[in-house]
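The values are calculated or read from the model by the stated rules, or taken from the named source; none is laboratory data. What you see is a predicted model, and the numbers here were worked out from it, not measured in a lab. Heads up, the Cβs are rebuilt from the backbone with ideal geometry, glycines too, and the neighbour counts pull from every protein chain shown.
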Amino acid sequence: MPKTVTARRTQGERSAETRRKILDATLEALIELGYAGTSIPEVCQRAGMSRGALLHHFPTKAELVIEAVAHLASRRGRELRRLAETDEVSGDAIECVFELMWNVFAEPTFHAALELWMAARSDPELREALVPMERAIGRGLDRLWRGLPGAPELAEPEAGKRLEDLIAITLHMLRGMALQRILREDASERRRLFELWKSIARRELVNLPG
């Protein structure tokens, strides 16, 4: 009986897998313990590796957390694509993208992002890393919306800018609602207001020129 040959991973593949494990463990710690509780020993324990192995990839906590920011942005992008592929209302682009945004802010990764935002208030290096991540999320939502089935064409520059503004306003609103969720688990009133905002945004979007 012929032997099964298992392809050996390259050094680069093994290194990438190790980094992914470390960054996933970092995000888990941020979600469960907050920024202050996300220590090097804690991440080592969660990732199942020695301190020396972790420090080989990330010599300081600052470098580890900043890299986790980029990892978080990548994960949130994948979440958006996954939700877009499985969402039952994908035939209605306006409905779909707003529901995607609602779901993203209900994901545990939002709490990891929140911990980083709070820490960035007194950490200029971390704040500098977070700003482009948040801008990239906004651009990603814009591209996602334009690529959904049923999305109207927005050829006019003014229409594109107004779409960007509506997405930005929605992001600000959903962040506030997600913060409120920490103190009030009942989402019925938040959902009512979100439905109201969707109807306002829909009227604005369907009347955009071009």
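Name every residue in the stretch 107-125 that is in contact (Cβ under 8 Å) with a residue 40 or more places away in the chain and acidic (Asp, Glu), in order of residue number.
Residues satisfying the conditions are Glu115, Asp123, Glu125.
For the stretch 33-47, give me the residue count where each residue is farther than 18 Å from Met133 by Cβ and surrounded by 18 or more Cβ atoms within 10 Å (Cβ to Cβ).
4
Of all the residues that make up the stretch 12-70, how many are assigned to a helix (DSSP H, G or I) and at positive phi?
Of the residues in that region, 1 qualify.
Scan the stretch 28-65 residue by residue and report those that are in contact (Cβ under 8 Å) with a residue 60 or more places away in the chain and either closer than 24 Å to Trp102 by Cα or hydrophobic (A, V, I, L, M, F, W, C) (or both).
Leu30, Ile31, Gly34, Ala62, Val65
Which numbered condition in (1) exposed (fewer than 15 other Cβ atoms within 10 Å of the Cβ); (2) under 25 Å from the mean Cα position of the chain (by Cα) is the only one that Leu30 fails?
For Leu30, the failing item is (1).
Taking the options Ile182, Ile167, name whichever one is surrounded by fewer than 12 Cβ atoms within 10 Å (Cβ to Cβ), modelled with pLDDT of 70 or more and under 25 Å from Ala73 (Cβ atoms).
Going through Ile182, Ile167 in turn, the sole match is Ile182.
Using beta carbons and a limit of 7 Å, which pairs, at least six apart or on different chains, have the first residue in the stretch 166-177 and without any contact (Cβ under 8 Å) to a residue 60 or more places away in the chain and the second one outside any helix (DSSP H, G or I) and surrounded by 13 or more Cβ atoms within 10 Å (Cβ to Cβ)?
As it stands, the answer is none, since no pair meets every condition given.
Quick check on my filter: what residues within the stretch 48-101 are over 12 Å from the mean Cα position of the chain (by Cα), at pLDDT 80 or above and surrounded by 17 or more Cβ atoms within 10 Å (Cβ to Cβ)?
Scanning the stretch 48-101 gives Met49, Leu54, Phe58, Leu64, Val65, Ile66, Glu67, Phe98, Glu99.
Could you figure out which of (1) among the hydrophobic types (A, V, I, L, M, F, W, C); (2) within 24 Å of Glu107 (Cα to Cα); (3) free of Cβ contacts under 8 Å to residues at least 40 places away in the same chain isn't true of Ala68?
Of the numbered conditions (1) among the hydrophobic types (A, V, I, L, M, F, W, C); (2) within 24 Å of Glu107 (Cα to Cα); (3) free of Cβ contacts under 8 Å to residues at least 40 places away in the same chain, the odd one out for Ala68 is (3).
Within the stretch 185-210, how many residues turn out to be surrounded by 11 or more Cβ atoms within 10 Å (Cβ to Cβ), without any contact (Cβ under 8 Å) to a residue 40 or more places away in the chain and assigned to a loop (DSSP other than H, G, I, E, B)?
Residues that pass the stated criteria total 1.
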